[in-house]
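The structure appears below as structure tokens.
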Amino acid sequence: MAKATVGRGQWGRAWYVNAKTVIGILLLLTVIPLMVFYFYAAAFGYGGSLLEMAHGVVDGTAWYQLPSFSWEALQVLVVWLVFQLFLAVIPDYLHRLLGWYQGGWLLGAMTPAGNRLWYNINGLQAWVISHLFFIIAAVWLGWFSPTVIFDHWGGLLLWANCLAFSLAVFAYVKAYLFPSHPEDRKFSGSWLYDFYMGVELNPRVGPIDLKLFFNGRPGIVAWTLINLSFAAEQYHLYGYVTNSMLLVNLLQGLYVLYFFYKESWYLNTIDIHHDHFGCYFAFGDCVWLPFMYTLQGLYLVFHPVDLSAGYALFVLLLGLLGFAIFMNANNQKDGFRRTDGSKEIWGKKPACIAAEYSTQDGQTRQSKLLTSGWWGIGRHMNYTGDLILSLSYSLACGFDHLFPYFYFIFISILLVHRCLRDEHRCYSKYGVAWEEYCAKVPYRLIPGVF
Ligand code: NDP
């Protein structure tokens, strides 16, 4: 194992805030919510044509496609949130009684202030119980229609925005009035930046970790139910479900299921390690993910696409390839970190670079950078797998409109930006050890290219 140290600076979220940053945040706060409504209206009013929607904006007809508030939609949202909160705090022994206890309490990574927090990992149970409940209640008992989510889509969008902005304000005020771990807060000097990017690293309210809960529960558990509801609506409208809709449900379902099956890996991601909880997460969790990550399914409701068997097989295989790389790369890093480098990778003991970093309490701590498996081929091959999988969701929708490709374009920008952001942070944290890793593994996402 090679050893490298020195050259380490401040790490965790540290960003220089200037006038450009503030303007950027003001733009994000206005443009991003408008974009969600734009896509909503393009789907419901213009069959998924972004261009026709643009004409609608110009001639004023698009405004008639905007959703209106509905108390029923509010009820759906409140019931869903309360149900997910209950499943998140449900006592561990209940899971043990069920016989398929998943994770239990796991220790997270060291925070910049030197804290290590415990997390209740029970997302798989929440996902399974939620889906069983939905299917039994909607299909078997007939308590509500399986299209219930689609039926209230507009109202849900409005209330989800209210929830997101209320949550962001709550997180900001909480950081000042009753912070969970005061020494892990970050103040940039700009209240707008702090409001948007968050102050607290790990805000908690009672047994609920706000970041783990909102990033990982109401929105992601709902993702697969939303897709099911879109499939049900397609059936309702056309009398059958297209193979493109089945592919989108299957491939996105794999992604979601993996997230919960190996929820422990999520504790080793940037979201949990470094990002603070503010408007960025609140809006992303409550609005962006449920309403924009599901665009393919929504598109297929208004624009059913029947794929040839050969093309459908190609999309399926591409998606499975992306999923395999994504899953395998994330598992390798998680296993490596969790077993302190003793878990074999591709039949061999993993190679790594020893690195040191400092926490705010002045202590020097040890870490390791994996250089075997996918992490020896590229520095972010988990992103590469994610991108291939995302492309397959879009390809499943054919080539008539740009609408279903939005997610792929968005995730490409997000992951490339995230890659650069992460590398900046890793360099601040590990100094020359990170440089050594970059020299040994020179490419990020596409070996030989980038
Ligand atoms: P990673 O899981 O790649 O985590 C990056 C962190 O891992 C670094 O900050 C560093 O943290 C550690 N690390 C980096 N290189 C090494 C190495 N060689 N050996 C050991 N540890 C290393 O990134 P993300 O958290 O961004 O993503 C996790 C997954 O989630 C990805 O597959 C991504 O595609 C997916 N994702 C999906 C999104 C979506 O919206 N669909 C959004 C974001 C991510 P440390 O400080 O611990 O060393």
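Among the conditions (1) over 18 Å from the mean Cα position of the chain (by Cα); (2) closer than 14 Å to Pro146 by Cα, the only one that Thr224 does not satisfy is (1). Reported count of residues in the range 439-450, each being near the ligand (Cβ under 10 Å from one of its atoms) and either open to solvent by 30 Å² or more (accessible area, probe 1.4 Å) or touching a Leu at 6+ places or on another chain (Cβ under 6 Å) (or both), is 1. Scan the range 311-360 residue by residue and report those that are polar (S, T, N, Q) and within 24 Å of Ile388 (Cβ to Cβ). If the condition is that a residue be polar (S, T, N, Q) and within 24 Å of Ile388 (Cβ to Cβ), then Asn328, Asn330, Asn331, Gln332 are the ones that fit. Every condition in (1) in contact with a Lys or Arg (Cβ under 9 Å, 6 or more places away or on another chain); (2) open to solvent by less than 60 Å² (accessible area, probe 1.4 Å); (3) modelled with pLDDT under 80 holds for Met1 except the one numbered (2). For the range 334-364, filtering for residues that are open to solvent by 50 Å² or more (accessible area, probe 1.4 Å) and part of a helix (DSSP H, G or I) leaves 2. For the range 416-434, the criterion of being of a type in the set (A, V, I, L, M) and under 17 Å from the mean Cα position of the chain (by Cα) is met by at least one residue. The one condition from (1) of a type outside the set (Val, Ile, Thr); (2) within 24 Å of the chain's Cα centre (by Cα); (3) open to solvent by less than 50 Å² (accessible area, probe 1.4 Å) that Phe133 does not meet is (3). Looking for something open to solvent by 20 Å² or more (accessible area, probe 1.4 Å), within 19 Å of Leu85 (Cα to Cα) and either in a helix (DSSP H, G or I) or small (Gly, Ala, Ser) (or both) - is there at least one such residue anywhere in the range 211-233? Among the residues of the range 211-233, at least one is open to solvent by 20 Å² or more (accessible area, probe 1.4 Å), within 19 Å of Leu85 (Cα to Cα) and either in a helix (DSSP H, G or I) or small (Gly, Ala, Ser) (or both), which makes the answer yes.
The residues of the range 396-406 that are surrounded by fewer than 21 Cβ atoms within 10 Å (Cβ to Cβ) and either within 11 Å of the ligand (Cβ to nearest atom) or part of a helix (DSSP H, G or I) (or both), listed by number, are Tyr405, Phe406.
Looking across the range 163-187, the residues that are assigned to a helix (DSSP H, G or I) and surrounded by 15 or more Cβ atoms within 10 Å (Cβ to Cβ) come down to Leu163, Ala164, Phe165, Leu167, Ala168, Ala171, Tyr172, Lys174, Ala175, Asp184. Counting only residues that are surrounded by fewer than 16 Cβ atoms within 10 Å (Cβ to Cβ) and either within 12 Å of Lys349 (Cβ to Cβ) or near the ligand (Cβ under 7 Å from one of its atoms) (or both), the range 365-378 holds 0 of them.
The values are calculated or read from the model by the stated rules, or taken from the named source; none is laboratory data. Predicted model, so just to flag it, every value in this text is computed and none were measured. No Cβ is skipped: glycine too gets one built from the backbone with ideal geometry, and neighbour counts run over all protein chains shown. These accessible areas exclude ligands, DNA and RNA; they are computed on the full protein's heavy atoms, side chains included. Shrake-Rupley method; radii C 1.70, N 1.55, O 1.52, S 1.80 Å.
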